1. Condition (residue is more than 10 Å from the ligand (Cβ to nearest atom), basic (K, R), touching a strand residue (DSSP E or B) at 6+ places or on another chain (Cβ under 8 Å) and part of a helix (DSSP H, G or I)) applied to segment 223-236: is it met by at least one residue?
2. Among the residues of segment 1-19, which ones are exposed (fewer than 12 other Cβ atoms within 10 Å of the Cβ) and in contact with a strand residue (DSSP E or B) (Cβ under 7 Å, 6 or more places away or on another chain)?
3. Restrict the check to segment 29-46 and report whether at least one residue is among the polar types (S, T, N, Q), under 16 Å from the mean Cα position of the chain (by Cα) and closer than 30 Å to F211 by Cβ.
4. Does K141 meet the test of being part of a loop (DSSP other than H, G, I, E, B) and either farther than 19 Å from Q66 by Cα or within 16 Å of the ligand (Cβ to nearest atom) (or both)?
5. Where in segment 1-119 are the helices (runs of 4 or more DSSP H), entirely inside, with at least 2 residues that are away from the ligand (no atom under 15 Å from the Cβ)?
6. State all residues of segment 247-270 that are free of Cβ contacts under 8 Å to residues at least 40 places away in the same chain and more than 10 Å from the ligand (Cβ to nearest atom); if no residue qualifies, say none.
7. May I ask you to verify whether I240 is in a loop (DSSP other than H, G, I, E, B) and either buried (at least 19 other Cβ atoms within 10 Å of the Cβ) or out of contact with any Leu (no Cβ under 6 Å at 6 or more places or on another chain) (or both)?
Amino acid sequence: MKVGPDNIKKIVVLTGAGISAESGISTFRDSGGLWEQYRIEDVATPEAYQRDPHLVWKFYSMRRIQASKALPNRAHEELVKFAASGKAEVYLITQNVDVLHQRADERELLQPICMHGSLNQSRCLNCGTIYFDDYAYFDLKGDYAPQETSLCSPGQKASMDYLHQYKLEYKDFLPQSPCCRSPIRPHIVWFGEIPLHMTKIDNLLASTDLFVSIGTSGQVYPAAGFLQLSKVAGAKTVCINKESIPQSQWIDEFIEGNATEKVAEFFSRF
Ligand code: OAD
C-alpha cells in the first residue's frame, strides 16, 4: 500500500544508525559494524564501566572523534526541511547518539528525543546531573590525550551546563563531576538500562497519524516495538531501510533503499 498525505496531521519519525551511514558513521549490525569490532559486554554495559572505565572511555572517545568528523547528510537535512514546511506536526525520536540530527538543525525546529542518550553529554555517577561534554579523553590509538571536539554547539559550550566551564579535578586521568566530585560517565543508555523519555514516546506513538521508521534494523527493543504500537493505536506506518526488518506485518509501506534518496522522495508526497 502506498501511504499518501491525506488526513496526516501528526507524524512521528524514528531513526537508527542507517540514517547516518552515508555520513560515514558505522552502523552496529551491518558487515563491518561496531558490534563486529567490539564486544558489547566490554564497552556498553554498566558492568563494563565498573570493571574498566578507561576502556569504556576509550570507546566513547573514539566515537566522539568519529562523530565530530562526520557531517549531517541529505536525509537529516530533509527531515528538518519538512518540519520547517509546516505541512504536518513532526516529532523525531532517535536511537542515534551521534548528534547529527541536532547539527543539521541549527534553528532547533526538530529537537530530537534521544532515547539512547547523546555523545555530547556526560553525567555524574553520583547524582545524575547531566553536562554537555564533547571531550575525547583518549585519542584513536587509545593514548590519553584530552581534546575538545565539535559535538557541542557554541551556545552549549558557552553555557554553565558545559562540563569544561568548570575548574575540574582529575582522578585516574578522568574528570570528576563539579557537583559531587564523583566520576563521570557517558550519558548513553547501555545494555541492561532503560531508554530515556519513554512516557513521552508512548504518548506520541498512541496519538500519531503516521509513524515512519528510518534506518533501523528492528533488533533492539523497545524501539523495535514502535511500529507495532503505533499501528495498533491506529497510525499508518512506513519503513525506509536498506533491507527488510522483522516487523513487516506492522508496516503499511516498505520503501527499500538509501536514506539520503528515499527520505526526500517520501516527504515530497506531502
Ligand atoms: P543497526 O546497525 O542494527 O541497523 C541499521 C539498519 O540501517 C540496518 O537494517 C541497515 O540495513 C540499515 N541501513 C544501513 N545503511 C543504510 C542507508 N544508507 N539507508 C537506509 N538504511 C540503511 O542500527 P540500529 O537499528 O540503529 O543501541 O541499532 C539500534 C541500537 O542498537 C542502537 O541505538 C545501539 C545498538 O546497540 C545502543 O547503543 C543502546
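1. Yes, the conditions are met somewhere in segment 223-236.
2. M1, K2, K9
3. At the first step, the residues of segment 29-46 found to be among the polar types (S, T, N, Q) are 31, 37, 45.
So of that shortlist, the ones also under 16 Å from the mean Cα position of the chain (by Cα) come out as none.
Looking through segment 29-46, none of the residues is among the polar types (S, T, N, Q), under 16 Å from the mean Cα position of the chain (by Cα) and closer than 30 Å to F211 by Cβ.
4. On the way: part of a loop (DSSP other than H, G, I, E, B): yes; either farther than 19 Å from Q66 by Cα or within 16 Å of the ligand (Cβ to nearest atom) (or both): no.
Here the answer is no, as K141 does not meet what is asked.
5. Details: elements: 34-37, 40-43, 46-51, 53-69, 74-85, 100-103.
Those helices (runs of 4 or more DSSP H) span 46-51, 53-69, 74-85, 100-103.
6. Q247, S248, Q249, W250, I251, F254, E265, S268
7. Working: in a loop (DSSP other than H, G, I, E, B): no; either buried (at least 19 other Cβ atoms within 10 Å of the Cβ) or out of contact with any Leu (no Cβ under 6 Å at 6 or more places or on another chain) (or both): yes.
When the stated conditions are applied, I240 does not pass them.
Quick grid of which residues meet (1) in contact (Cβ under 8 Å) with a residue 24 or more places away in the chain; (2) among the hydrophobic types (A, V, I, L, M, F, W, C); (3) over 29 Å from G192 (Cα atoms):
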residue	(1), (2), (3)
L55	no, yes, no
R74	yes, no, yes
H101	yes, no, no
A104	yes, yes, yes
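Computed from the coordinates by the stated procedures, all read-outs in this text should not be read as laboratory data. Quantities reported herein were computed from a predicted structural model and do not represent experimental measurements. All Cβ positions, glycine included, derive from the backbone under ideal geometry; neighbour counts span all protein chains shown.
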